[in-house]
Amino acid sequence: MSDATAIVAIDGPAGAGKSSVAKRAAKALGFAFLDTGAMYRAATWWALEQGVCLEDADALAESTRAMTLEIHEGDQGQQVLVNGTDVTQAIRTPEVTRVIYKLDQNSAVRRHLVALQQRFGARAPTVAEGRDIGTVVFPKAKCKIFMDASLETRAKRREKELAAKGVAVDFGRLCAEIHERDEQSRNRADSPLRMAEDAVLLDTTNLTLDEAVAEIVRLARERL
Ligand code: DC
């Protein structure tokens, strides 16, 4: 495992802005970027593709271990390949999001993906974002940030993202869905979402994207 000297660990709930902020901060720092949620999404996509029974925990772990997962950094951002197929877009469908908890609550699936994440971080200075980066994946990271924002703000951001894709949603329902995902992440037995004791809280409710990126870059330069 990496000695975590050059890891920026970013955790937080859905919609706090982790991905967009982490991606830009990585670029500014000249670090690699790792979206670990994409790995859980890829494992879920593959299980659905293979028709694995979602109630069979062993089969889900087996299919996760059997897939070849590649993460590349392209001009368009992080590209995800499963067994050679580009699934960058396919892993973002509501179908994947709806059942992903079956995999992210599976300890054997987590163990496998955490090992891959640690290997990724050992290769190069990395900004990694997820739910358990500072607590489980890189507990020795010197720069840990917990990004949060009010539920309403997070739902508004999501609404805007969906509107840009031409998808209209009921705002109340969106809030309820995000709240449910928060509860699932915070209350699961294995690696629940929580702020590491040595993490800095970054509340992005009233921050622009540029302000949040600047704060992460500042913290990284100060601590690494
Ligand atoms: O960040 P995201 O929405 O793409 O994450 C997808 C799912 O994966 C979400 O349900 C939480 C889970 N996840 C996790 O359990 N641990 C991580 N390190 C990253 C994501």
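The values are calculated or read from the model by the stated rules, or taken from the named source; none is laboratory data. Because the structure is predicted, anything quoted here is derived from the model rather than measured. No Cβ is skipped: glycine too gets one built from the backbone with ideal geometry, and neighbour counts run over all protein chains shown. Calculation scope for accessible area: heavy atoms of the full protein, side chains included, ligands and nucleic acids excluded. Shrake-Rupley method; radii C 1.70, N 1.55, O 1.52, S 1.80 Å.
Observations, loosely collected:
- With the simple model of a label 7 Å out from the Cα in the direction of the Cβ, D182 to R92 spans 2.4 nm.
- For the chain, built as a Gaussian network whose Cα springs stay under 10 Å, the top-fluctuating residue of T153, T68, T205: T68
- In summary, the lysines within cross-link reach of K18, defined as a Cα separation below 21 angstrom excluding same-chain residues under 8 places away, comprise K27, K140, K142, K144, K156, K160, K165.
- Measuring nothing but alpha carbons in segment 85-132 and taking Rh as the Kirkwood radius, the Rg to Rh ratio lands at 1.01.
- Helix runs (DSSP H) in the chain reaching 18 Å along axis by Cα, Kyte-Doolittle at least -0.5: 36-50, 107-123, 209-223
- Computed log₁₀ I(q)/I(0) - Debye formula, equal Cα scatterers, no solvent, segment 89-210, q 0.12 Å⁻¹: -0.55
- Potential lengthening of the chain between R218 and R123 amounts to 31.9 nm, from the contour at 0.36 nm per residue minus the alpha-carbon distance.
- Comparing I7, I178, L81 along the charge dipole axis of the chain, the residue lying farthest to the positive side is I7, per the Cβ-charge model.
- Other residues with beta-carbon under 15 Å from the beta-carbon of D58 carry, at +1 per Lys or Arg and -1 per Asp or Glu, a net charge of +1.
- Just checking the listed ones, T97, T135, T126: in the Gaussian network model of the chain with Cα springs under 10 Å, the one fluctuating most is T97.
- Charges were assigned to the Cβ only: +1 to each Lys and Arg, -1 to each Asp and Glu. The resulting dipole of the chain about its Cα centre is roughly 420 debye.
- Within the chain, DSSP assigns beta bridges of which about 30% are antiparallel (rounded to the nearest 5).
- V169 versus T85: modelled label distance in nm, points set 7 Å from Cα along the beta carbon direction: 2.5
- Each eigenvalue of the Cα gyration tensor of segment 52-105, multiplied by 5 and square-rooted, gives one semi-axis; in descending order these are 23, 14, 8 Å.
- Counted over all Cα-Cα pairs of segment 148-206, pairs farther apart than 19 Å make up 43 percent.
- For the chain, the fraction of 1.4 Å probe accessible surface lying on carbon and sulfur atoms is 49 percent.
- A protection proxy built from the mean count of other Cβ atoms within 10 Å ranks the segments 159-165, 99-105, most packed first, as 99-105, 159-165.
- Distance from segment 97-111 to segment 135-154 (C-alpha centre basis), Å: 19
- Here, the chain is characterised by an Rg to Rh ratio of 0.94, where Rg is the alpha-carbon radius of gyration and Rh the Kirkwood radius.
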